[in-house]
Amino acid sequence: MYKSVTAVKLMEFQQLGDERGHLVVAECGKEIPFNVQRVFYIYGSDSTVIRGRHANKKSEFILVNVAGTSKVDVEDIYGAKKTYVLDHPHMGLYLPTMIWKNMYDFSKDSVLLCMSNQLYDGNEYIRNHDDFRALQREVKNGL
């Protein structure tokens, strides 16, 4: 029912380029495994800021640092954790539902593009890590 951190995938998008520069291609139904309903981006955060700090019941995401760098810590409902570095504009990180995410260590020039399969709905967010850990305990105890 729940996805593990093994479902979190670092993706490489097609990168085309010549002397004029680069073009990165990511299409819904091909590289992006869902229809994009919402796009937002994070910029102006510094290395001391932690963004995210939530899990989503319905939303899936792809994160791409289109400029600069950042790190993403992920944690699944089973308690497994992993860290990713986003430092290439042609690399994306796929996050399925119910993955706790913290984005941090933003470079000064970081622009983190986020694509989601859902429109914003604040009710589908789990914003308290203690609540997420309570769900972990329930899953571990077979409830």
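The values are calculated or read from the model by the stated rules, or taken from the named source; none is laboratory data. All values reported here derive from a predicted model rather than from experimental measurement. Because the Cβ atoms are built from the backbone with ideal geometry, glycine has one as well, and the counts that use them run over all protein chains shown. Accessible surface is based on the protein model in full, side chains and every heavy atom, while ligands, DNA and RNA are left aside. Shrake-Rupley method; radii C 1.70, N 1.55, O 1.52, S 1.80 Å.
General observations
- Most mobile listed residue (D87, D105, D18) in the chain, GNM with C-alpha springs under 10 Å: D18
- Among the listed values (i) 11, 40, 35, 10, 2, 0; (ii) 10, 35, 31, 19, 5, 0; (iii) 9, 17, 23, 24, 15, 8, 4, 1, the one computed from these coordinates for P(r) over Cα pairs in 10 Å bins from 0, in percent is (i).
- Peptides 33-39, 111-117 ordered by average Cβ neighbours within 10 Å, highest first: 111-117, 33-39
- Ranked by the mean number of other Cβ atoms within 10 Å of their residues, highest first, the peptides 93-101, 19-27, 60-68, 125-133 come out as 93-101, 60-68, 125-133, 19-27.
- Using only side-chain charges placed at the Cβ, +1 for Lys and Arg and -1 for Asp and Glu, the dipole size of the stretch 1-102 relative to its Cα centre rounds to 500 debye.
- Surface share of carbon and sulfur [accessible, 1.4 angstrom probe, percent] for the stretch 75-118: 54
- Averaged over its residues, the stretch 6-143 has an accessible area of 56 Å² per residue, based on protein heavy atoms and a 1.4 Å probe.
- Checked against a 22 Å cut-off, the cross-linked pairs K3/K101; K9/K140; K30/K81; K57/K81; K9/K108; K82/K140 give Cα-Cα distances beyond that limit for K9/K140; K30/K81; K9/K108.
- Leading residue at positive end of dipole, the stretch 84-143 (Cβ point charges), from M115, H90, N128: N128
- Normalised by the number of residues in the stretch 1-134, the average gap of Cα pairs under 8 Å and 6 or more apart makes the relative contact order 36 percent.
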